[in-house]
């Protein structure tokens, strides 16, 4: 049984069909890449999974149960965490307090939440910045803080939305290493990413969409030679 399954999901905004009959399965323990051009519906799919947007039809199944009618906080509680493309930490609070706040999703006392936050900050290599104001972090630090906040909710499935965007090559390699550590820690990952160095390196499988519709569901090498994916997204440099 797949950990997450989208079944014929449709989502429209007025006359615009943003997600058009999309179906895919994410298996437990894998890194599943979701790719497509800007405006193709990737973040909309994330928002549908987390019920920021209700779907028009279809179903979203997690751990064998439909979650399409759950509220956003209930979806977090059942084990789906996410990051956002535009990171917005609690700017004036410390890095530690940002993660502590998220930990209250699972614990009931400040002591437990701070203990959880300290473990996660060390895991994400943010422990040295624990006492700093979140707004003082550079973009790479804010991206890692976004991941740390999501991890504090103890997800079984983590949705990563452009984690490597805006990073320099060294920071991209560090992001790849962190994502792999998260998966090795037992968390399944669904990732949206435009940096092909990231998506092709870490993904076990790739689902490509364009204009809200599926154009391929395959391995990274198969995606790199798929004509529809090349034309819509990768470009001629990937052809071969």
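The values are calculated or read from the model by the stated rules, or taken from the named source; none is laboratory data. For clarity, every value in this text was computed on a predicted model and none was experimentally measured. Cβ coordinates were reconstructed from backbone atoms using ideal geometry, including for glycine residues, and neighbour counts include every protein chain displayed.
Evaluate the range 169-186: report whether one residue or more is part of a loop (DSSP other than H, G, I, E, B), farther than 23 Å from residue 223 by Cα and under 13 Å from the mean Cα position of the chain (by Cα).
There is no residue in the range 169-186 that is part of a loop (DSSP other than H, G, I, E, B), farther than 23 Å from residue 223 by Cα and under 13 Å from the mean Cα position of the chain (by Cα).
If I ask for residues that are surrounded by fewer than 18 Cβ atoms within 10 Å (Cβ to Cβ) and out of contact with any strand residue (DSSP E or B) (no Cβ under 6 Å at 6 or more places or on another chain), which ones from the range 197-217 would you list?
Correct list: 197, 201, 211.
In the range 122-157, how many are touching a residue at least 12 places away in the same chain (Cβ under 8 Å), assigned to a helix (DSSP H, G or I), closer than 15 Å to residue 185 by Cα and out of contact with any strand residue (DSSP E or B) (no Cβ under 9 Å at 6 or more places or on another chain)?
Number satisfying all stated conditions: 2.
Give the residues of the range 117-140 that are closer than 14 Å to residue 90 by Cβ and buried (at least 19 other Cβ atoms within 10 Å of the Cβ), sorted by residue number.
117, 134, 137
I need the full set of residues from the range 102-121 which are part of a loop (DSSP other than H, G, I, E, B) and in contact (Cβ under 8 Å) with a residue 12 or more places away in the chain, in order please.
Answer for the range 102-121, where residues must be part of a loop (DSSP other than H, G, I, E, B) and in contact (Cβ under 8 Å) with a residue 12 or more places away in the chain: 105, 106.
Would you mind telling me which numbered condition in (1) surrounded by 20 or more Cβ atoms within 10 Å (Cβ to Cβ); (2) in contact with a strand residue (DSSP E or B) (Cβ under 7 Å, 6 or more places away or on another chain) residue 100 fails?
Single failed check for residue 100: (2).
Only one of 157, 126 is at pLDDT 95 or above and within 16 Å of residue 83 (Cα to Cα). Can you tell me which?
Answer to the selection: 157.
Take residue 222 and decide whether it is out of contact with any helix residue (DSSP H, G or I) (no Cβ under 6 Å at 6 or more places or on another chain), more than 24 Å from residue 27 (Cβ to Cβ) and surrounded by fewer than 19 Cβ atoms within 10 Å (Cβ to Cβ).
no
Considering (1) over 25 Å from residue 228 (Cβ atoms); (2) part of a strand (DSSP E or B); (3) touching a helix residue (DSSP H, G or I) at 6+ places or on another chain (Cβ under 7 Å), say which one residue 91 fails and leave the rest.
Going through the list (1) over 25 Å from residue 228 (Cβ atoms); (2) part of a strand (DSSP E or B); (3) touching a helix residue (DSSP H, G or I) at 6+ places or on another chain (Cβ under 7 Å), residue 91 breaks only (2).
Cβ-Cβ distance below 6 Å, separation of 6 or more or different chains: which pairs start in the range 72-85 with a residue that is touching a residue at least 24 places away in the same chain (Cβ under 8 Å) and end on one that is part of a strand (DSSP E or B)?
Short answer, once both residue conditions are applied: 80/157; 81/158; 82/159; 83/160; 83/161; 84/161; 85/161.
What is the one condition in (1) within 25 Å of residue 232 (Cβ to Cβ); (2) modelled with pLDDT of 95 or more that residue 71 does not satisfy?
Going through the list (1) within 25 Å of residue 232 (Cβ to Cβ); (2) modelled with pLDDT of 95 or more, residue 71 breaks only (1).
Among the listed residues 107, 86, identify the single one that is surrounded by fewer than 22 Cβ atoms within 10 Å (Cβ to Cβ) and either over 28 Å from residue 12 (Cβ atoms) or at pLDDT 95 or above (or both).
It is 107.
If I go through the range 2-60 residue by residue, how many of them are at positive phi and either touching a residue at least 24 places away in the same chain (Cβ under 8 Å) or surrounded by 14 or more Cβ atoms within 10 Å (Cβ to Cβ) (or both)?
Total satisfying the criteria: 7.
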